[in-house]
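Undergrad: I have a structure I would like to understand better, so I am pasting it below and will then ask my questions one at a time.
The values are calculated or read from the model by the stated rules, or taken from the named source; none is laboratory data. Keep in mind that what you see is a predicted model, and the values were worked out from it rather than measured. Reconstructed Cβ throughout: ideal geometry from the backbone, glycine too, with neighbour counts over all protein chains shown.
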Amino acid sequence: MQALTEGAKLRLVICCVTGLASGMPLYILLQLLPAWLRDSGVSLTEIGLFALVGLPYTWKFLWAPLMDRWRLPLGLRRGWMLLAQIGLILSIGFLGYIDPLRGTGAVAVMAVVIAIFSATHDVAIDAYRRELLPDQELGLGNSIHVQAYRISSLVPGSLSLILADLLPWGAVFWITAAFMLVGVGLSLSVSEPERDELQPMNLREAVVAPFLEYLRRRGVGSLVLALTFMVAYKLGDNMATALSTPFYLDLGFSKTEIGLVAKNAALWPAIFGGIAGGLLMLRIGINRALWIFGAIQMASIFGYAYLASVGPVLWLLAAVIGFEYLGVGLGTAAFTAFIARESSKTFAATQFALFTALAALPRSVANATTGVIVEWLGWVEFFILCGLFAVPGMVLLFWVAPWSEDNA
């Protein structure tokens, strides 16, 4: 393997920063916001409904073509990145001024604003990274971006929770928002990447062409199967982790224990699983990885049911979470590779936005029912149900990724 050039090293550092800046707003919505609401006395039903604020992540492909056409003063990519980053800093900081019990609706509105800025930020950063990296660096650069994305969860999922035991929530949100200055520094210091300026002549062509290309290449039947699989494959896993922080609090763990143990037990196995999954796929192929990693992902969900039946045992919390997120890392590695294989090189940006948006759909829609289900069934039965919800995605593998077809 040839040594990396100075330019390649710089591009990989940039990919690390894009991951840190891109991931943190999502983890604020997934981890910090539910903890704040539960700590303030908001019911699980209402917290579960807050999963709907993530819907802008499923809509981002609708306005992605507009961001390819409207150039802001700082540049086509950097301008949108900076605009979204400033919006995120202000909206995250102001969230702490709202009383969650008296102003639950206002919290929901502000959370939607954060999600819109975050989804827009993701589109701009993904486009920037794709234009920045040469073809031979796409795999390594995107891998670094994804792992840095995961590491960013340490801020809202660990540091912010620890600070919440020491400081008012208003200060915690402003401190958390300040970490977005890393992204602002990136936007102001880097230059616009070189790109092909031959843009579509009209908006209709920019929006419609990627979808027509997929239909011509794969057909309607394959499209329906692939899209259904993208929704179903991680449905049970997404539902099981939707209310993880309120679950830990209900079991009796302190916010400091959650910040120090639970979040670290989730982060590092997920990173290891992602890296190991990528290496294993070189040997076994994408199809078989989807089967094996999906089975591990499904089995790990039942560990939560066992933890719920035992109670607040700290070492068991770490073990259950570690196994679950090892499955998350493995499953995500195979699932991301599947999405890449389904996308064409010509329209990868728009098709990736569509497919990743669909992958986020269960997190936003199905997760909204989790609070109601928990209060109806209880935690043990809820996690068993989540494990069963993972079965349809595995069954669809017979059609979308047959074991006998070794597609690398």
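Undergrad: Tell me the residue from Ile275, Ile271 that is β-branched (Val, Ile, Thr), in contact with a Lys or Arg (Cβ under 6 Å, 6 or more places away or on another chain) and over 22 Å from Ile384 (Cβ atoms), please. Step through it out loud before you land on a result.
TA: Values: Ile275 fails: in contact with a Lys or Arg (Cβ under 6 Å, 6 or more places away or on another chain).
Of the residues listed, the single one that is β-branched (Val, Ile, Thr), in contact with a Lys or Arg (Cβ under 6 Å, 6 or more places away or on another chain) and over 22 Å from Ile384 (Cβ atoms) is Ile271.
Undergrad: Got a sec? Which of Ser300, Ser309 is assigned by TED's automatic domain parsing to the domain that holds Phe383, polar (S, T, N, Q) and either under 19 Å from Leu267 (Cα atoms) or modelled with pLDDT under 90 (or both)?
TA: Ser300
Undergrad: Moving on to the next point. Restricting attention to segment 66-83, which residues are surrounded by 23 or more Cβ atoms within 10 Å (Cβ to Cβ) and in a helix (DSSP H, G or I)?
TA: Listed by number, the residues that qualify are Trp80, Met81.
Undergrad: Across segment 144-175, what is the number of residues that are outside any helix (DSSP H, G or I) and under 8 Å from Gly19 (Cα atoms)?
TA: Result for segment 144-175: 1.
Undergrad: Another question about this same structure. Does any residue in segment 301-312 that is surrounded by 14 or more Cβ atoms within 10 Å (Cβ to Cβ) come within less than 7 Å, Cβ to Cβ, of a residue that is in a helix (DSSP H, G or I) and among the small types (Gly, Ala, Ser) six or more places away or on a different chain, and which pairs are these?
TA: Taking only residues 6 or more apart or on different chains, the pairs are Ile301/Gly236; Ile301/Ala240; Ile301/Gly387; Phe302/Gly387; Tyr304/Ala240.
Undergrad: Does segment 37-65 hold any residues that are under 15 Å from Thr370 (Cα atoms) and either hydroxyl-bearing (Ser, Thr, Tyr) or outside the structural domain of Met81 (by TED's automatic domain parsing) (or both), and which are they?
TA: Listed by number, the residues that qualify are Ser43, Thr45.
Undergrad: Is it the case, given these coordinates, that Lys255 is modelled with pLDDT under 80 and closer than 29 Å to Leu161 by Cβ?
TA: No; evaluated as a whole, the condition is false for this residue.
Undergrad: Identify the residue in segment 45-77 that is in contact (Cβ under 8 Å) with a residue 60 or more places away in the chain and more than 22 Å from the chain's Cα centre (by Cα) and, among all such residues, is farthest from Val184 (Cα to Cα).
TA: So, considering only residues that are in contact (Cβ under 8 Å) with a residue 60 or more places away in the chain and more than 22 Å from the chain's Cα centre (by Cα), the one farthest from Val184 (Cα to Cα) is Thr45.
Undergrad: Additional query: Of (1) within 20 Å of Lys255 (Cβ to Cβ); (2) touching an Asp or Glu at 6+ places or on another chain (Cβ under 6 Å), Ser22 satisfies all except one. Which?
TA: (1)
Undergrad: Specify which of the listed residues (Leu4, Leu49) is outside any helix (DSSP H, G or I) and surrounded by fewer than 22 Cβ atoms within 10 Å (Cβ to Cβ). Explain how you work it out, then say what you get.
TA: On the way: Leu49 fails: outside any helix (DSSP H, G or I).
Only one candidate passes the filter, namely Leu4.
Undergrad: Can you tell me which residue among Ile14, Ile86, Ile28 is in contact (Cβ under 8 Å) with a residue 40 or more places away in the chain and surrounded by fewer than 16 Cβ atoms within 10 Å (Cβ to Cβ)?
TA: Ile86
Undergrad: Of these, Val374, Val380, which one is part of a helix (DSSP H, G or I), surrounded by fewer than 18 Cβ atoms within 10 Å (Cβ to Cβ) and either modelled with pLDDT of 75 or more or not assigned by TED's automatic domain parsing to the domain that holds Val42 (or both)?
TA: On the way: Val374 fails: surrounded by fewer than 18 Cβ atoms within 10 Å (Cβ to Cβ).
After ruling out the rest, the residue left standing is Val380.
Undergrad: Based on what the data block shows, is Met201 out of contact with any Asp or Glu (no Cβ under 8 Å at 6 or more places or on another chain) and modelled with pLDDT under 95?
TA: yes
Undergrad: With the structure loaded, tell me whether Phe253 is under 22 Å from Phe382 (Cβ atoms), more than 16 Å from the chain's Cα centre (by Cα), not in a helix (DSSP H, G or I) and not polar (S, T, N, Q) or whether it fails that test.
TA: So Phe253 fits the description; yes.
Undergrad: Further question: What's the number of the condition Arg283 fails, among (1) charged (D, E, K, R); (2) surrounded by fewer than 17 Cβ atoms within 10 Å (Cβ to Cβ); (3) within 14 Å of Gly331 (Cβ to Cβ)?
TA: That leaves (3) as the condition not met.
Undergrad: Among the residues in segment 97-108, are any in a helix (DSSP H, G or I) and crowded, with 21+ Cβ neighbours inside 10 Å?
TA: Scanning segment 97-108 turns up at least one residue that is in a helix (DSSP H, G or I) and crowded, with 21+ Cβ neighbours inside 10 Å.
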